[in-house]
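The values are calculated or read from the model by the stated rules, or taken from the named source; none is laboratory data. These numbers were taken from a predicted model, which means no experiment stands behind them. Note that we place each Cβ from the backbone using ideal geometry, even for glycine, and neighbour counts take in every protein chain shown.
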Amino acid sequence: MTDHFTFHLIATDGKARRGEVSMPRGTVRTPAFMPVGTAGTVKAMYLEQVRELGADIILGNVYHLMLRPGAERVAKLGGLHDFARWPYPILTDSGGFQVMSLAALRKLDEKGVTFRSHVDGSVHSLTPERSIEIQGLLDSDIQMQLDECVRLPAERAEVERAMEMSLRWAERCKAAFGDQPGKAMFGIVQGGTEVDLRQRSAQGLAALDLKGYAVGGLAVGEPQDVMLATLDETLPVLPTEKPRYLMGVGTPDDILKSVARGIDMFDCVMPTRAGRHGLAYTRFGKINLKNARHAEDPRPLDETSDCPATRDYSRAYLHHLVRSDESLGGMLLTWNNLAYYQSLMAGIRGAIEAGRFEDFAAETQDGWARGDLPAHA
């Protein structure tokens, strides 16, 4: 434990980095995957389970929490950590992405964005200062700047305008954040897939000397090779001594390839959302439990796993739950998926420390490619 927010590298292997982000509520081992707890809950999971799987930090979202139950109400109830019974680090997203994707009748200008709630149509204003104020009321440990994330594809002029405004908003967020010992505000690199705009954004944010940096606006439908090429050109501009967070990413393969380029932190709804829709992530690759081939398969998803959901329930039973639309099916598969993601991250960290990350990545990808043998093969 520490009274300050610090990041230090323990080992590197190529561009892959093994580090630790330390803050008063705990230490985050990196590379880290942050389960998404959008509205103060990781869907279909008890937070005690999330912790037991190895998560050091979870994510909450300003947009959803400001609409319900309200940031001021959460603050009255002791902050998000007490409210959700998660005493460990929390990162809050600024709400910008959700405003752009979910809100109705939004109006954007230099001051901020005014929008109607997708929940009840009520009108709200979100400025850089208000976003930081809400994150302070939630009492999160890592707070994200408000940015404008444009939908791709978009004209270069539109991407450039949004990137430059996001830089100005980062300055306002930094001023609003002030000096909060033990906490951090991260900037968000924007610029679409335009290399020069990404680099300008990264340079501008680096000049602000923030405690961490995120890459936003990727994994929004562009091919993986485009995302990775953008990272290749962007990450060298960011300070090596600060943590790097790739927002909204991604698949296990995305994570492996992004770690290889120097990313330290990830979040994504994919493992929880997939679990609720009958899809399991395993060391054999993805397994669709809706498929009829599992109807009489007595095997568990992976008998070698430490996770009870993965080890103790037959595929036939999981198939039955999913096809019957039973809540337990989504709960068990979400449990499995988050267990697999945290196991993958632990394996990545160990491989970097041992200087064998490239071999680990190849072995992991080979396992996915081989897939799972059919029952009674």
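Things to note:
- In the set Gly182, Gly187, only one residue is in the same structural domain as Glu20 (by TED's automatic domain parsing) and over 20 Å from Gly95 (Cβ atoms); that residue is Gly182.
- Hits in region 336-368 - residues which are in contact with a Ser or Thr (Cβ under 8 Å, 6 or more places away or on another chain) and not small (Gly, Ala, Ser): Asn336, Asn337, Leu338, Tyr340, Leu344, Arg349, Ile352
- Residue in region 79-102 that is touching a strand residue (DSSP E or B) at 6+ places or on another chain (Cβ under 7 Å), under 25 Å from Asp3 (Cβ atoms) and either part of a helix (DSSP H, G or I) or small (Gly, Ala, Ser) (or both) present: yes
- Hey, Leu65 surrounded by fewer than 23 Cβ atoms within 10 Å (Cβ to Cβ) and in contact (Cβ under 8 Å) with a residue 12 or more places away in the chain or not: no
- Selection of region 184-223 for residues being among the β-branched types (Val, Ile, Thr), within 27 Å of Ile57 (Cα to Cα) and surrounded by fewer than 19 Cβ atoms within 10 Å (Cβ to Cβ) yields only Val220.
- Number of positions in region 243-270 that are more than 20 Å from Leu9 (Cα to Cα) and either out of contact with any strand residue (DSSP E or B) (no Cβ under 9 Å at 6 or more places or on another chain) or not hydrophobic (A, V, I, L, M, F, W, C) (or both): 7
- Qualifying residue in region 186-196 (condition: among the hydroxyl-bearing types (Ser, Thr, Tyr) and within 18 Å of the chain's Cα centre (by Cα)): no
- Within region 188-200, residues that are at positive phi and of a type outside the set (S, T, N, Q) sit with their Cβ atoms under 6 Å from residues that are modelled with pLDDT under 95 and surrounded by fewer than 19 Cβ atoms within 10 Å (Cβ to Cβ), at 6+ positions apart or across chains, in these pairs: Gly192/Leu152.
- Filtered residues of region 49-78 (kept if of a type in the set (D, E, K, R) and in a loop (DSSP other than H, G, I, E, B)): Asp56, Arg68
- Hits in region 70-106 - residues which are modelled with pLDDT of 90 or more, out of contact with any helix residue (DSSP H, G or I) (no Cβ under 7 Å at 6 or more places or on another chain) and loosely packed, with under 15 Cβ neighbours inside 10 Å: Gly70, Arg73, Lys76, Gly78, Asp82
- Test for Thr230: is it over 17 Å from the mean Cα position of the chain (by Cα), over 30 Å from Asp179 (Cβ atoms) and surrounded by 21 or more Cβ atoms within 10 Å (Cβ to Cβ): yes
- Just one residue in the set Val42, Val74 is over 27 Å from Ser258 (Cβ atoms) and β-branched (Val, Ile, Thr); that residue is Val74.
- Any chance Pro181 is within 24 Å of Ser140 (Cα to Cα), surrounded by fewer than 21 Cβ atoms within 10 Å (Cβ to Cβ) and over 21 Å from the mean Cα position of the chain (by Cα): yes
- Of the residues making up region 211-239, those that are assigned to a loop (DSSP other than H, G, I, E, B) and either touching a residue at least 60 places away in the same chain (Cβ under 8 Å) or assigned by TED's automatic domain parsing to the domain that holds Gln342 (or both) are Lys211, Gly216, Gly217, Val220, Gly221, Glu222.
- Candidate set from region 321-352 (those that are more than 23 Å from the chain's Cα centre (by Cα) and not in a loop (DSSP other than H, G, I, E, B)); member that is surrounded by the fewest Cβ atoms within 10 Å (Cβ to Cβ): Ser327
- The set of residues from region 250-305 being part of a strand (DSSP E or B) and either touching a helix residue (DSSP H, G or I) at 6+ places or on another chain (Cβ under 7 Å) or surrounded by fewer than 20 Cβ atoms within 10 Å (Cβ to Cβ) (or both) comprises Phe266, Leu279, Ala280, Tyr281, Thr282, Gly285, Lys286, Asn288, Pro300.
- Considering the conditions (1) free of Cβ contacts under 8 Å to residues at least 24 places away in the same chain; (2) in a loop (DSSP other than H, G, I, E, B), Thr114 is excluded by exactly one of them, (2).
- Here Cys149 clears all of (1) part of a strand (DSSP E or B); (2) in contact with a Phe, Trp or Tyr (Cβ under 6 Å, 6 or more places away or on another chain); (3) closer than 19 Å to Met185 by Cβ except the condition numbered (1).
- For beta carbons closer than 9 Å, sequence separation of 6+ or different chains, a first residue in region 148-166 that is under 16 Å from Gly96 (Cα atoms) and a second that is of a type in the set (Phe, Trp, Tyr) and assigned to a helix (DSSP H, G or I), the qualifying pairs are Glu148/Trp169; Cys149/Phe97.
- Subset of region 189-210 [of a type in the set (D, E, K, R) and not in a helix (DSSP H, G or I)]: Glu194, Asp209
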